[in-house]
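Colleague: Quick one: the structure is below, and I'll ask about it shortly.
The values are calculated or read from the model by the stated rules, or taken from the named source; none is laboratory data. Since the model is a prediction, treat every value here as computed from it, not as a measurement. Virtual Cβ from ideal backbone geometry, glycine too; neighbours counted across all protein chains shown. In case anyone asks, the SASA skips ligands and DNA or RNA and just uses the protein heavy atoms, side chains included. Shrake-Rupley method; radii C 1.70, N 1.55, O 1.52, S 1.80 Å.
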Amino acid sequence: IVNFKGKNAIVTGGSKGIGKTIAIKMRESGIKVAILYIGNDDVTDLCKNYDIKAIKANVANYSECQKAVAESEEYFGESIDILINNAGITRDKMLHKQEEKGWLDVINVNLISVINMSRCVIEKMREKKYGKIISISSVNANGALGQTNYSASKAGIEGFTKALALENAKLGINVNAIAPGYINTDMVSAIDPTTLEKIKEKIPMGRLGTTEEVAFMAMFLASSNADFITGAVMAVNGGMRM
Ligand code: NAD
């Protein structure tokens, strides 16, 4: 049994997909939640029915992160307890066909955002001697065709996670990553059906994961049950990489 009473969380990319499910599950467990997102996703349901604060911010931009964290702290009335670095994009193409924007955008949104957001919360977490930072990597951190940019960004998250975990291990701060396999979200619907069928054949369980299956791992890592876990990369992938 986990008691999240009085805790608060920022979830980046919380307007849809995995982040939205994490935000809802956390809120349902009593955590106060702010989501950061870009674009035109309808967040009325999250705000009205779940009492989640929605803030538009480009997490690839450090000053926007600083502003969004300050706004969240004001909303919570205290500094951040839990940071879920979930925002991410793909711009898949073989490197020999990739344009500069394609790798800069992916590195900035997927990796630099994690550094930006972690930098914004880490000092106060150190003062408070409490903090949970959980970043969403991917099974494809290990390399995937057409994903040099994405694999580099996700492998970068894993290295960053381990270094930040080391720096803060004695201060009650846990820094971990989750590496999901293929999960049923818009990001995966964007893959063409023939390729997706081939991908499914490579998943030992023969199916895509659900956003809930990733959210439950995030909830576990955010909880006191995971207090002795830091610098870990937790696989949620249906057996795709063992
Ligand atoms: P999604 O496309 O459904 O949602 C992406 C979210 O990120 C949206 O809320 C969007 O507003 C937000 N976002 C994008 N760019 C942003 C920016 N610059 N600033 C702020 N917010 C931004 O994605 P998803 O499938 O739910 O993926 C979530 C995370 O999980 C990503 O990091 C992704 O790489 C990772 N992941 C997904 C899968 C999968 O199969 N879906 C597998 C492994 C890892």
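Colleague: Taking Arg126, is it modelled with pLDDT of 95 or more, in contact with a Lys or Arg (Cβ under 8 Å, 6 or more places away or on another chain) and of a type in the set (D, E, K, R)? Reasoning before the result, please.
Modeller: Details: modelled with pLDDT of 95 or more: yes; in contact with a Lys or Arg (Cβ under 8 Å, 6 or more places away or on another chain): no; of a type in the set (D, E, K, R): yes.
Taking the combined requirement at face value, the residue does not satisfy it.
Colleague: With Leu145, Leu196, Leu171, Leu208 as the choices, which residue is open to solvent by 20 Å² or more (accessible area, probe 1.4 Å), within 19 Å of Asn237 (Cα to Cα) and in contact with a strand residue (DSSP E or B) (Cβ under 9 Å, 6 or more places away or on another chain)?
Modeller: Numbers: Leu145 fails: in contact with a strand residue (DSSP E or B) (Cβ under 9 Å, 6 or more places away or on another chain); Leu196 fails: in contact with a strand residue (DSSP E or B) (Cβ under 9 Å, 6 or more places away or on another chain); Leu171 fails: within 19 Å of Asn237 (Cα to Cα).
Residue meeting the stated conditions: Leu208.
Colleague: So is Ile84 within 23 Å of Ile18 (Cα to Cα) and either in a strand (DSSP E or B) or of a type in the set (Phe, Trp, Tyr) (or both) or not?
Modeller: Here the answer is yes, as Ile84 does meet what is asked.
Colleague: Looking only at residues that are in contact with a Ser or Thr (Cβ under 8 Å, 6 or more places away or on another chain) and open to solvent by 10 Å² or more (accessible area, probe 1.4 Å) in region 67-87, which one is farthest from Asn3 (Cα to Cα)? Lay out the reasoning, then the answer.
Modeller: First pass over region 67-87, keeping only residues in contact with a Ser or Thr (Cβ under 8 Å, 6 or more places away or on another chain): 73, 80, 83-87.
Within this subset, residues satisfying the condition of being open to solvent by 10 Å² or more (accessible area, probe 1.4 Å) are 73, 86-87.
On the way: Glu73: 21, Asn86: 23, Ala87: 26 Å.
Among those residues, the one meeting the criterion is Ala87.
Colleague: For Tyr130, work out the one condition from (1) open to solvent by 20 Å² or more (accessible area, probe 1.4 Å); (2) over 29 Å from Lys170 (Cβ atoms) it doesn't fulfil.
Modeller: (2)
Colleague: Regarding Lys101, is this residue open to solvent by 20 Å² or more (accessible area, probe 1.4 Å) and in a loop (DSSP other than H, G, I, E, B)? Write out each step before concluding.
Modeller: Numbers: open to solvent by 20 Å² or more (accessible area, probe 1.4 Å): yes; in a loop (DSSP other than H, G, I, E, B): no.
Taking the combined requirement at face value, the residue does not satisfy it.
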